[in-house]
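Student: One structure follows; several queries about it will come next.
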Amino acid sequence: MRPEILNTRIFLDGADPEETRRVIKALGFLDGQTTNPSLLAKNPEAQSHKVDGNKFSAKAIYQFYEKLCQELSGLLPDGSVSIEVYADETTTVAAMLEQAREFDTWIKNAHIKLPTTTAGLEAANILTGEGRRVNMTLVFTQAQAAAVYAATKGAARGAVFLSPFVGRLDDRGENGMALIADILKLYAGGDRHVEVLTASVRSMEHFLCALAYGSDIITAPASILLEWVEAGMPIPGSTYVYEAPGLKPIPYEPLSLDAPYASYAIGHPLTDAGLAKFAADWNSLIDMAS
Ligand code: E4P
């Protein structure tokens with residue numbers, strides 16, 4: 001059962017409905033699920049296509065993703081399911097909008113994942129203006145968080161998620177959890193229309209720290225959610241101490257949330273690398289001759 005004092009929403013990071021069923025059974029609840037092209041490529045059915053050499057056509061991969069999201073949505077009717085647009089560095093705003101509007105017809109509870117790039121921000125601005133929900137992904141800086149806030153002003157609370165990737169910052173020696181603390185502090189001065197979704201969670205320490213910091217949402221792999229259940233679903237308080245040995249601190253930047261969204265310096269090498277990897281994993285499923 002959901003612990004009464006749990007204020008953070010818990011999502012599963014994955015793309016296998018069987019795994020979702022197992023996690024719901026173990027936790028007794030689940031508030032949502034995040035998917036991405038790399039997770040899609042690991043889905044058992046998608047894997048068997050790859051192994052057989054029987055890859056999807058460019059159209060069939062979207063049909064497969066649709067079926068998967070509909071199954072997840074059926075398992076989480078009151079939750080949220082994040083569906084990620086295909087994007088590489090050449091993808092236009094129009095191409096993102098077309099995918100997003102199509103995804104919104106698949107299920108009722110979609111958050112459309114868009115990269116936090118110049119094109120992604122513009123798409124988010126338009127989509128939230130249409131009353132759609134978005135999840136801004138591949139976030140590595142406070143400037144990106146401020147830009148997302150500014151681009152989606154006027155959206156209802158719950159319509160915009162911001163996904164900082166803590167594990168990928170740790171991977172390059174920076175304290176990813178410090179970015180969560182920084183963004184929560186930055187957003188505390190705002191209207192709270194953007195919710196912080198701690199992503200790229202690699203350890204129980206990340207998970208517990210995100211709970212202690214008061215992240216609005218955490219998405220975590222099944223292994224970590226099951227480990228949390230095994231430990232009795234602890235919820236640390238504000239006195240929780242996060243050890244970040246050897247990780248470089250990320251100092252707080254007092255940014256304005258009121259500047260025009262296109263004016264923020266949002267470039268980051270991990271956003272570029274993440275975009276390229278997601279595109280490669282999506283393309284690995286497709287028969288390019290189709
Ligand atoms: C979820 O929305 C993210 O895409 C995911 O957490 C990324 O995790 P990774 O950095 O382990 O690939």
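What follows draws every value from the coordinates through simple rules; no lab data is involved. Keep in mind that this is a model prediction, so the values were computed, not measured. Here the Cβ positions follow ideal geometry from the backbone for every residue, glycine too, while neighbour counts run over all protein chains shown.
Student: Given the Cα atoms of region 208-251, and with Rh set as the inverse mean 1/r over their pairs in the Kirkwood sense, what is Rg to Rh to two decimals? Display every interim value, and only then the final one.
Tutor: Numbers: Rg = 12.0 Å, Rh = 12.0 Å.
Here the Rg-to-Rh quotient is 1.00.
Student: In percent, what relative contact order does the chain have, based on Cα pairs under 8 Å that are 6 or more apart in sequence? The partial results should precede the final answer.
Tutor: Details: 542 pairs, mean separation 69.9, N = 290.
Relative CO of the chain lands at 24 percent.
Student: Per DSSP H run of at least 4 residues, take -39500 (n - 2.57); add these up for the chain, divide by its residues and hand me the 222 nm value, nearest 500 deg cm²/dmol. The partial results should precede the final answer.
Tutor: On the way: 12 runs with 133 residues, N = 290.
After summing the helix terms and dividing by residue count, I get -14000 deg cm²/dmol.
Student: Mind telling me which of ASN125, ASN54, ASN175 comes out most flexible in a GNM of the chain, alpha-carbon contacts under 10 Å?
Tutor: Taking springs between Cα atoms under 10 Å, the residue moving most is ASN54.
Student: What's log10 of I(q)/I(0) for region 9-283 at q = 0.07, 0.11, 0.15 Å⁻¹, Debye sum over Cα points only, no solvent?
Tutor: Each listed q maps to, in turn, -0.23, -0.58, -1.13.
Student: For the pairs LYS185/LYS277; LYS25/LYS50; LYS25/LYS113; LYS50/LYS277; LYS42/LYS113; LYS25/LYS59, note any where the Cα-Cα span goes beyond 22 Å. Show your work: numbers first, answer last.
Tutor: On the way: LYS185/LYS277 30 Å; LYS25/LYS50 30 Å; LYS25/LYS113 27 Å; LYS50/LYS277 17 Å; LYS42/LYS113 18 Å; LYS25/LYS59 34 Å.
Result: LYS185/LYS277; LYS25/LYS50; LYS25/LYS113; LYS25/LYS59 exceed 22 Å.
Student: Would you be so kind as to identify which of ALA46, THR137, GLY154 lies farthest towards the positive end of the dipole of the chain, taking Lys and Arg as +1 and Asp and Glu as -1 on Cβ and the Cα centre as origin?
Tutor: GLY154
Student: Per 10 Å bin from zero, what fraction in whole % of the C-alpha pairs of region 140-179 is there, up to the bin with the longest pair?
Tutor: 28, 44, 24, 4
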